[in-house]
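Asks: If you scroll down you'll find the structure; I have some questions about it.
No lab work stands behind these numbers, since they all come straight from the coordinates. Fair warning: this is a prediction, and the values are worked out from it, not measured in the lab. Virtual Cβ from ideal backbone geometry, glycine too; neighbours counted across all protein chains shown.
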Amino acid sequence: MSFDQENESWAVRSVDEIIALGFEEALEVAKDEISKYSHAGVFESGPVWTETWYALGLDYSTEYPDLIEIPKKSCEELVRRAQKHQQAFELLTEVISGYINHWIEPPAELKQAAVNIVKGVLVRPKRARGEPDPGTWARDHMILHVGKLLEDRYELNLTRNEEGDGLAASDIIFHALGPYTDLTSRGSIQSILTKPKKKELYVKIRFDWIDSLFD
């Protein structure tokens, strides 16, 4: 029996119980974070897109909100990734489109990539086998992010067992998710919070994001 199945029937703490235990602020913070994530388009595009975005230091232009700016040193790497990964290819085409739409000459590497796309030399790679659905990945990433925030700020355990008397981040996340997910149990959320592979990718993207703040 999987962790998810085993915990499927466990009762989640009610909102009243969460408030009575003194964690009303934590619930509101979780709701706010999830609302922000649901409107963050970068996370709706999948793990490769998001990891590439932060690893290469991309950002939206302050002058043109739909123009993605890329450091010149990252152009070659973006093209290299676009040759291997579908999501990176889609990110590359969006970056190039931004330059074209605003009549701005792109860096040489991107200009050549645009020519290669038109010629059919650079083509959109097939989706890799086993690659997660972008929407599912975004949901899981959001849960891991909010879980980490609650763990650090409110010293909550991410999960709890059936007999546990206390409160876990999974209880708060269940209520904070509201209309943003089809997950119907705390057990499903706990499963996401404890899967090593999901946590590993989350940590990598988190470090890339922190690094990007100091570039």
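Asks: If you put +1 on each Lys and Arg Cβ and -1 on each Asp and Glu Cβ, how big is the dipole of region 47-119 around its Cα centre, in Debye rounded to 20?
Replies: Value, rounded to 20: 360 debye.
Asks: Using 7 Å Cα-to-Cβ label points, what is the GLU94/LEU149 separation (nm, one decimal)?
Replies: For GLU94 paired with LEU149, the spin-label model returns 2.1 nm.
Asks: Over 21 Å between Cα atoms, which of LYS72/LYS119; LYS84/LYS195; LYS36/LYS126; LYS148/LYS199; LYS148/LYS198 qualify?
Replies: LYS72/LYS119; LYS84/LYS195; LYS36/LYS126
Asks: Ignoring everything except DSSP H segments at least 4 long, calculate the 222 nm mean residue ellipticity for the chain; use -39,500 (n - 2.57) per segment, divide by total residues, nearest 500.
Replies: The per-residue figure over the chain is -18500 deg cm²/dmol.
Asks: Suppose R0 equals 30 Å; then what is the FRET efficiency for VAL121 and TYR60 from their Cβ-Cβ distance, rounded to the nearest 0.05?
Replies: 0.55
Asks: Express in nm, to one decimal, how much length is gained between ARG129 and ALA11 on full extension, taking 0.36 nm for each residue of separation and deducting their alpha carbon distance.
Replies: Stretched out fully, the ARG129 to ALA11 stretch lengthens by 38.9 nm.
Asks: Also, quick follow-up: Given charges of +1 on the Cβ of Lys and Arg and -1 on the Cβ of Asp and Glu, with all other atoms neutral, how large is the dipole of the chain about its Cα centre, in debye to the nearest 20?
Replies: Details: 25 positive and 37 negative charges, 257 e Å.
Computed about the Cα centre, the dipole is about 1240 debye.
Asks: Report the gain in length on full extension from ASN161 to HIS102: 0.36 nm times residue separation, minus Cα-Cα distance, nm rounded to one decimal. Mind dumping the intermediate values first?
Replies: Details: separation 59, 0.36 × 59 = 21.24 nm, distance 5.49 nm.
Result for the pair: 15.8 nm of gain on full extension.
Asks: Here is a follow-up. What residue among GLY98, HIS85, GLN190 has its Cα farthest toward the positive end of the dipole of the chain, where the charges are +1 on Lys, Arg and -1 on Asp, Glu, each on the Cβ?
Replies: It is HIS85.
Asks: Also: How big is region 47-119 by the Kirkwood estimate over distinct Cα pairs, in Å? Walk me through the numbers before you get to the answer.
Replies: Working: mean 1/r = 0.0827 Å⁻¹.
Radius from the Kirkwood sum: 12.1 Å.
Asks: Once you list every other residue whose beta carbon is under 12 Å from the beta carbon of ASN101, what net charge do they have if Lys and Arg are +1 and Asp and Glu are -1? Display every interim value, and only then the final one.
Replies: Values: positive: none; negative: ASP66, GLU94.
Charge balance near ASN101 sits at -2.
Asks: Could you tell me which residue out of ILE205, GLY147, ILE19 lies farthest along the dipole of the chain toward its positive end? Charges go on the beta carbon: Lys and Arg +1, Asp and Glu -1, centred on the Cα centre.
Replies: The residue sitting most towards the positive pole is ILE205.
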